[in-house]
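Inspection log for the structure reproduced underneath, given as structure tokens.
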Amino acid sequence: MAYRPDAPPRSIVATTKAESAPAGDVQPNRCTVTPVALSVRQVAEMLGTTPKSIYHRAARNQLPGQFRLGRTLMFRRADLLRFIAEGRGPSPRSR
């Protein structure tokens, strides 16, 4: 497969508006993008805490789905959503 600069990265899942909107609301060539990986800042916002605490929890392996892209710490979105749904997200003191 050849490289195409206009193609979205494989790590991004896109769905067209036509799949989720009623027939009259369809706008051609518009899509919503759901990120597969989240940054430390995005995870901190999801958990209602600071990026510093995310780095500390990651260092203690208290957060699932962590991986590195070079030196950047990233998290798999699906793993974090499952973690939050199980009620293991923010600590009880911060609620």
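Looking at LEU73, is it at pLDDT 95 or above and either surrounded by 14 or more Cβ atoms within 10 Å (Cβ to Cβ) or touching a His at 6+ places or on another chain (Cβ under 9 Å) (or both)? Step through it out loud before you land on a result.
Values: at pLDDT 95 or above: yes; either surrounded by 14 or more Cβ atoms within 10 Å (Cβ to Cβ) or touching a His at 6+ places or on another chain (Cβ under 9 Å) (or both): yes.
So LEU73 passes the test.
Check THR49, THR32 and return the single one that is at pLDDT 70 or above, hydroxyl-bearing (Ser, Thr, Tyr) and assigned to a loop (DSSP other than H, G, I, E, B). Write out each step before concluding.
Details: THR32 fails: assigned to a loop (DSSP other than H, G, I, E, B).
Testing whether each residue is at pLDDT 70 or above, hydroxyl-bearing (Ser, Thr, Tyr) and assigned to a loop (DSSP other than H, G, I, E, B) leaves just THR49.
For the stretch 66-84, name all the residues that are hydrophobic (A, V, I, L, M, F, W, C), in a strand (DSSP E or B) and under 14 Å from ARG41 (Cα atoms).
LEU73, MET74, PHE75, listed by residue number.
Identify, please: which residue in the stretch 46-68 is hydroxyl-bearing (Ser, Thr, Tyr) and in contact (Cβ under 8 Å) with a residue 12 or more places away in the chain and is, among those, nearest to GLU86 (Cα to Cα)?
My answer is THR49.
What is the residue count in the stretch 85-95 for residues that are part of a helix (DSSP H, G or I), at pLDDT below 65 and not polar (S, T, N, Q)?
The number of residues fulfilling the criteria is 2.
One line per residue, one yes/no per condition, for (1) surrounded by 14 or more Cβ atoms within 10 Å (Cβ to Cβ); (2) at pLDDT 80 or above; (3) touching a Pro at 6+ places or on another chain (Cβ under 7 Å); (4) not in a strand (DSSP E or B):
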residue	(1), (2), (3), (4)
ARG4	no, no, no, yes
ALA7	no, no, no, yes
LEU38	yes, yes, no, no
GLN42	yes, yes, no, yes
PRO64	yes, yes, no, yes
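The values are calculated or read from the model by the stated rules, or taken from the named source; none is laboratory data. None of these values were measured; they are calculated from a predicted model. Here the Cβ is made from the backbone with ideal geometry for all residues, glycine too, and neighbour counts use every protein chain on show.
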